[in-house]
Amino acid sequence: MTPHELHTTAKAMVARGKGILAMDESTPTIHKRFQKLGIEDSVDNRRAWRELLLTTPGLANHVSGAILYDETIRQKLADGTPFPEHLKKIGILPGIKVDAGAKDLAGFAGEKVTEGLDGLRERLAEYKKIGARFAKWRAVITIGKGIPSHACIQANAHALARYAALCQEAGLVPIVEPEVLIDGDHTLERCYDASRATLRRVFSELAMQQVDFGGMILKASMVLSGKSCPQHAGIQEVADATVRCLLNTVPAAVAGVAFLSGGQTPEEASAHLNAMNATYRNLPWPLSFSYARALQDPAMQAWKGSAANVVAAQKQLAHRARLNGAAALGNYNAGMEKEAA
């Protein structure tokens with residue numbers, strides 16, 4: 001893929017009024033989500049759930065891409081169509097999660113570093129052959145007493161940059177995801193400081209590895225109060241702090257920013273994204289979404305592992321995709337939540 005093709009793909013991933021469906025949960029993660037709802041965790045059920053998501057009527061109206069997992073990208077619809085081929089037919093770009101997960105960072109208690117660079121060049125070539133057009137790598141930054149450390153931020157930023165360079169070499173658009181976790185009792189201001197420090201180091205490392213900013217997507221955390229913080233910032237406060245952080249760290253050449261939901265409720269994720277787009281109309285990059293639970297949870301709760309509930313579950317997914325598509329344009333309002341899915 002030429003630089004022009006990388007740029008074209010990246011722009012399509014953050015097309016106006018559209019976002020990315022993150023359905024790249026690892027097998028242990030989806031096991032936990034199924035278990036919580038009493039759904040049997042089996043290969044057949046995992047495949048059925050993913051088919052439900054990908055065959056939701058009208059999904060491509062508000063979803064530009066879908067991030068898959070290694071198991072998922074190799075699965076097929078009930079009629080034998082490979083998932084990547086189906087996505088291509090309906091106008092959704094297939095992507096793939098390629099990191100090997102966050103592991104304890106030696107010497108730094110309470111902090112993680114994401115692994116998976118070994119053999120990545122070869123894996124990217126295989127995923128490209130299967131049909132992937134982009135990839136994703138998630139780093140995890142924890143806020144706590146004395147953390148994040150400079151060492152943790154540096155280690156994760158370097159890995160993200162190496163990954164991104166390998167993606168572009170392979171002709172895949174990298175989604176660069178340095179997630180600042182919502183867990184903790186930190187204030188909005190503390191989250192802002194950690195987010196700013198993380199993003200500055202990430203983009204410094206990306207530049208050092210000669211990553212083409214126009215051929216990548218930043219998957220960013222919003223600047224939020226910690227879950228157990230006594231004083232939670234309001235919707236507009238979050239929007240203002242998040243945009244201010246991005247303007248102070250993200251180069252204008254970046255193709256787009258797709259936010260992660262990171263433990264927010266579906267309603268919160270939509271409201272925060274909408275406030276940013278409604279307030280700030282002339283930013284250098286589009287602000288979109290790359291949500292997992294904030295898109296999937298209502299649908300999974302409706303499905304509960306039963307084929308009889310597929311239509312109801314798909315209506316829930318279509319509803320949330322429609323609301324987030326509106327939020328990506330600054331056209332969402334809380335009253336839309338009451339509309340029938």
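At a glance:
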{"quantity": "Neighbours by Cβ (under 6 Å, 6+ apart or cross-chain): first from segment 274-291, under 19 Å from A253 (Cα atoms) and modelled with pLDDT of 95 or more; second among the β-branched types (V, I, T) and part of a strand (DSSP E or B)", "calculated": "W285/V257; L287/V257"}
{"quantity": "Answer residue from segment 160-193, given it is touching a strand residue (DSSP E or B) at 6+ places or on another chain (Cβ under 6 Å) and assigned to a helix (DSSP H, G or I) and is surrounded by the most Cβ atoms within 10 Å (Cβ to Cβ) among those", "calculated": "C167"}
{"quantity": "Where I130 falls short, out of the listed (1) within 20 Å of R162 (Cβ to Cβ); (2) surrounded by fewer than 19 Cβ atoms within 10 Å (Cβ to Cβ); (3) touching a residue at least 40 places away in the same chain (Cβ under 8 Å); (4) among the aliphatic types (A, V, I, L, M)", "calculated": "(1)"}
{"quantity": "Selection within segment 195-243 - within 24 Å of C167 (Cα to Cα), assigned to a loop (DSSP other than H, G, I, E, B) and not acidic (D, E)", "calculated": "Q209, Q210, V211, M216, S221"}
{"quantity": "Pairs where the first residue, in segment 293-309, is touching a residue at least 60 places away in the same chain (Cβ under 8 Å) and the second is of a type in the set (A, V, I, L, M), C-beta under 6 Å, 6+ apart", "calculated": "L295/L21; A299/A313; A299/L317; W303/A313; K304/L37; G305/I39"}
{"quantity": "Residue match in segment 52-60 (condition: under 19 Å from the mean Cα position of the chain (by Cα), hydrophobic (A, V, I, L, M, F, W, C), outside any helix (DSSP H, G or I) and more than 30 Å from R281 (Cβ to Cβ))", "calculated": "no"}
{"quantity": "Output for segment 251-263, where each listed residue is at pLDDT 95 or above and within 22 Å of H232 (Cα to Cα)", "calculated": "F259, L260, S261"}
{"quantity": "Yes/no for T249 being in contact with a Lys or Arg (Cβ under 6 Å, 6 or more places away or on another chain), crowded, with 16+ Cβ neighbours inside 10 Å and among the β-branched types (V, I, T)", "calculated": "yes"}
{"quantity": "Test for K89: is it surrounded by fewer than 20 Cβ atoms within 10 Å (Cβ to Cβ), more than 19 Å from the chain's Cα centre (by Cα) and closer than 26 Å to R322 by Cα", "calculated": "yes"}
{"quantity": "Selected residue (criterion: surrounded by the most Cβ atoms within 10 Å (Cβ to Cβ)) from residues of segment 61-86 that are in a loop (DSSP other than H, G, I, E, B) and in contact (Cβ under 8 Å) with a residue 40 or more places away in the chain", "calculated": "H62"}
{"quantity": "Residue check, G305 closer than 18 Å to T29 by Cβ and surrounded by fewer than 19 Cβ atoms within 10 Å (Cβ to Cβ)", "calculated": "yes"}
{"quantity": "Scan of segment 113-145 for residues that are under 21 Å from A292 (Cα atoms) and assigned to a strand (DSSP E or B), ordered by number", "calculated": "T114, F134, A135, K136, W137, R138, A139, V140, I141"}
{"quantity": "Leading residue by the ranking (nearest to the chain's Cα centre (by Cα)) among those in segment 121-144 that are farther than 17 Å from S26 by Cα and of a type in the set (D, E, K, R)", "calculated": "R133"}
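Yes/no per residue for (1) of a type in the set (A, V, I, L, M); (2) on the phi > 0 side of the Ramachandran plot:
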site	(1), (2)
D240	no, no
Q301	no, no
K304	no, yes
A318	yes, no
G335	no, no
K338	no, no
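The values are calculated or read from the model by the stated rules, or taken from the named source; none is laboratory data. The model shown is predicted, which means the values in this text are computed figures rather than measured ones. Positions of Cβ are generated from backbone atoms using ideal geometry, with glycine treated the same way; all protein chains shown enter the neighbour counts.
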